[in-house]
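The values are calculated or read from the model by the stated rules, or taken from the named source; none is laboratory data. Keep in mind it's a predicted model, so treat the numbers as computed, not measured. Ideal geometry is used to build each Cβ from the backbone, glycine not excepted, and the neighbour counts take in all protein chains shown. Ligands, DNA and RNA are stripped out before the accessible areas are found, and what is left, the full protein with its side chains, is counted by its heavy atoms. Shrake-Rupley method; radii C 1.70, N 1.55, O 1.52, S 1.80 Å.
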Amino acid sequence: MSNKEVKVALKSAREAIRNKEYREALKHCKTVLKQEKNNYNAWVFIGLSAAELEQPDQAKGAYKKAIELEPNQLLAWQGLANLYEKSDQSEVREDLMDVYRKLLELYESSDKEKWYTACNKLVELYHQEKKYLEVAETWQKLIQMKQEEGADKAELHQLWRKMIRLLKDSTPNQDNKTQQALLTAFERAVDSVDTIPSDDHQRLYKDFIECLSKVPHEAARLEQACRDMMTMYPAATYPLEALCLHFIQLGTASEEALNCFSKLLEMDASSGPGIIGLGVKYLQEKKYKEAIQSLTEGLQKTVRCPTTWCYLAEAQVKIHDYNAAVLSCNQALKALGTCEGQNLRWKNPTLCLKAEALIKIGDADAAEEAIKTLEQIEDGSSNPSVLAFRGQAYLNKGLMDEALKISQELLLCHHDLAESHALHGLILYSQKSYEQAEISFLNAIERKAEIAEYHQSLGLTYWFMSEETKKNKGRAVTEFLKAAKLDSYMGSAFRYLGYYYRDIAGDKSRARGCFRKAFELDGTDEESGTAAVDLSMDLGDTEAALSILKKVTEKANPGTAKWAWLLRGLYYLRTGQPSLAVSDLQAAVRADPKDANCWESLGEAYLDRRSYLTALKSFRRASELNPDLVYSIYKAASIEQILGEYESAIATYQEILKNTKDYVPALKGLGECCLMLARSALDKYFDRK
């Protein structure tokens with residue numbers, strides 16, 4: 001076949017393609033290839049025809065052959081791009097990217113419009129595949145070319161904004177280079193807005209600040225952007241809120257931060273970040289209850305600051321509300337688990353705080369959870385403070401060998417650490433080795449005299465060491481006073497001061513004040529509450545006693561606060577108010593249905609109210625729960641006597657007298673019942689029978 005015939009065949013193939021006669025076109029191309037197997041156009045036409053005949057593999061092979069023959073010719077690359085674009089197979093995406101990159105190279109010097117079209121397609125493909133760095137670099141190249149062509153400000157502004165749209169949703173997952181490209185796009189877009197100030201410019205600035213807040217290492221840039229926006233839009237609260245949140249997440253309470261919190265609250269008293277900032281300020285000032293109130297309110301108004309839960313947990317630990325602190329730590333860890341960047345640095349301290357709260361709760365289940373929590377801390381096995389917590393958790397769980405092992409390791413490797421000596425002291429205290437425990441706690445105090453717990457532990461050591469150290473005002477009491485001064489929320493220090501003033505010093509008034517303070521700090525401390533009520537009664541201050549009991553019973557959930565219901569019920573019983581006594585003693589029984597004393601007291605109240613049958617049931621229940629309660633058995637018999645059930649009463653009295661022969665009330669009751677039966681017999685003419 002001559003060169004002329006090849007040209008004719010190619011022309012026929014082109015004509016067949018134009019007429020959509022693709023099989024005919026393939027025949028003409030094959031004829032050409034028999035003569036010229038490396039004919040570029042023939043391979044391109046085969047690729048095009050095979051693609052239209054839905055033979056993608058043949059089309060792909062033909063285009064690739066053409067590219068192999070002429071790598072810098074456009075037709076085959078364009079055909080291959082069209083072929084891949086029609087495919088829904090994910091594996092061709094990488095190949096399509098390669099094709100677009102080659103087309104950009106070929107179009108760059110020949111056809112700028114087609115270059116822009118191919119560039120847009122490539123960027124969209126990169127975006128779909130989450131190749132954000134490639135998106136940034138390719139789009140920057142497009143903007144650079146537009147700038148070189150002399151594009152106007154408005155067109156460039158829209159290009160920067162599109163770059164922002166392509167990149168901003170993936171900010172936390174980007175590498176530094178991509179993040180910098182995005183921030184540059186924001187800066188260029190912000191500067192090129194047509195009208196400044198304007199609503200559009202303000203919205204864009206807000207998005208820029210939001211983006212900066214997700215990039216941890218751009219703190220200075222974020223602060224400057226917030227200040228610039230505040231200057232430009234002084235009535236807008238957003239930049240101030242963003243700056244406040246930034247300071248809160250940094251964990252700083254600098255003068256600038258405190259000024260921001262105050263200024264934001266002046267502008268908007270209901271602003272969540274402002275209220276949280278106020279809580280942080282209170283926390284710094286050691287106003288823990290006010291801090292808890294503000295932080296809780298702030299959390300209800302904003303979800304943008306997960307570190308608030310950490311501050312709240314810290315304040316709750318400070319006031320010894322350990323159960324609430326554990327819940328706050330759990331919320332913090334849940335929120336931080338979905339966060340990136342600077343929020344992650346809060347994770348280890350929050351885990352430590354949770355473990356500390358669980359250890360302070362003190363029971364075995366909490367200790368088990370504390371151990372699991374400590375295992376989650378990065379490099380915890382090499383951190384002496386974390387090891388000391390672990391040792392305390394083992395001690396609370398009763399794993400003495402494990403606790404001793406950690407204690408010995410800490411004393412060997414970290415002898416100058418107060419926590420090492422404190423842990424050793426706690427172990428010795430639990431073993432009742434008080435003299436040795438004293439030495440350990442003194443060593444801990446020597447290293448950290450400001451820790452209230454060390455003084456409290458030393459005070460307890462003196463308290464149980466001997467009667468001499470217990471009564472020695474310069475030892476146990478001095479340490480309790482120091483603990484109370486260093487930590488005014490430590491209820492146990494006030495409770496032991498109460499014991500001292502009541503049992504040793506004989507100062508009921510001062511003892512009552514200490515017990516009352518202890519109970520105010522810890523509403524679950526029944527011992528202190530009971531002692532405060534009893535001492536108030538002893539001092540003739542019935543009103544104060546009833547005030548304490550009223551506060552407890554008003555807040556109590558059903559089935560709780562038995563001690564308060566019981567004490568008030570007994571008071572009503574003593575003062576001749578049986579109906580009120582019944583109500584309170586029923587609540588006490590609901591709180592502890594197996595307390596025989598509660599049932600006995602309830603029986604007394606029913607009896608005073610002349611509810612004999614219910615009184616009888618109550619006394620019988622008390623004697624079932626505790627067969628040694630002779631009084632309850634006697635009262636049941638006396639009620640049977642009142643109800644005229646003499647034979648049953650006689651049997652009960654006789655049962656009492658079997659075990660307690662000299663129980664006078666039973667002897668008296670038995671005699672009365674026998675006399676009543678005799679009278680009954682006479683009335684029924686049973687004499688001489």
When Q641 is evaluated against the numbered criteria (1) exposed (fewer than 15 other Cβ atoms within 10 Å of the Cβ); (2) at pLDDT below 90; (3) closer than 23 Å to L573 by Cβ, which criterion, by number, is the only one it fails? (1)
In this structure, does L265 turn out to be over 23 Å from K347 (Cα atoms) and in a helix (DSSP H, G or I)? yes
So in the stretch 609-625, with the set limited to residues that are within 17 Å of Y653 (Cα to Cα) and out of contact with any Gly (no Cβ under 9 Å at 6 or more places or on another chain), which one is most open to solvent (accessible area, probe 1.4 Å)? E624
Yes or no: the stretch 137-159 includes at least one residue that is in contact with a Cys (Cβ under 8 Å, 6 or more places away or on another chain), under 17 Å from W115 (Cβ atoms) and either open to solvent by 50 Å² or more (accessible area, probe 1.4 Å) or of a type in the set (K, R) (or both). yes
From E314, E290, grab the single residue that is assigned to a helix (DSSP H, G or I), under 13 Å from the mean Cα position of the chain (by Cα) and of a type in the set (D, E, K, R). E314
Only listed residue being in contact (Cβ under 8 Å) with a residue 12 or more places away in the chain, outside the structural domain of A587 (by the TED database) and open to solvent by 20 Å² or more (accessible area, probe 1.4 Å), chosen from G529, G540, G523: G523
What about L204, is it open to solvent by less than 70 Å² (accessible area, probe 1.4 Å), of a type in the set (A, V, I, L, M, F, W, C), assigned to a helix (DSSP H, G or I) and out of contact with any Phe, Trp or Tyr (no Cβ under 8 Å at 6 or more places or on another chain)? no
Restricting the stretch 211-227 to residues that are surrounded by fewer than 16 Cβ atoms within 10 Å (Cβ to Cβ) and at pLDDT 90 or above, the one nearest to F186 (Cα to Cα) turns out to be R221
Of all residues in the stretch 177-201, how many are under 17 Å from L222 (Cα atoms), open to solvent by 50 Å² or more (accessible area, probe 1.4 Å) and without any contact (Cβ under 8 Å) to a residue 24 or more places away in the chain? 3
Mind listing whichever residues of the stretch 428-478 are of a type in the set (A, V, I, L, M) and not in a helix (DSSP H, G or I)? A449, I451
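Listed here are the residues, each with its yes/no results for (1) in contact with a Leu (Cβ under 7 Å, 6 or more places away or on another chain); (2) of a type in the set (V, I, T).
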residue: I46; (1), (2): yes, yes
residue: L69; (1), (2): no, no
residue: S87; (1), (2): no, no
residue: K102; (1), (2): no, no
residue: K121; (1), (2): no, no
residue: H127; (1), (2): yes, no
Given (1) more than 31 Å from the chain's Cα centre (by Cα); (2) of a type in the set (S, T, N, Q); (3) open to solvent by 10 Å² or more (accessible area, probe 1.4 Å), T461 misses just (3)
Which of the following residues is over 23 Å from the mean Cα position of the chain (by Cα) and open to solvent by less than 30 Å² (accessible area, probe 1.4 Å): A366, A403? A403
Filter the stretch 446-457 down to the residues that are closer than 14 Å to L423 by Cβ and among the hydrophobic types (A, V, I, L, M, F, W, C) and list them by number. I451
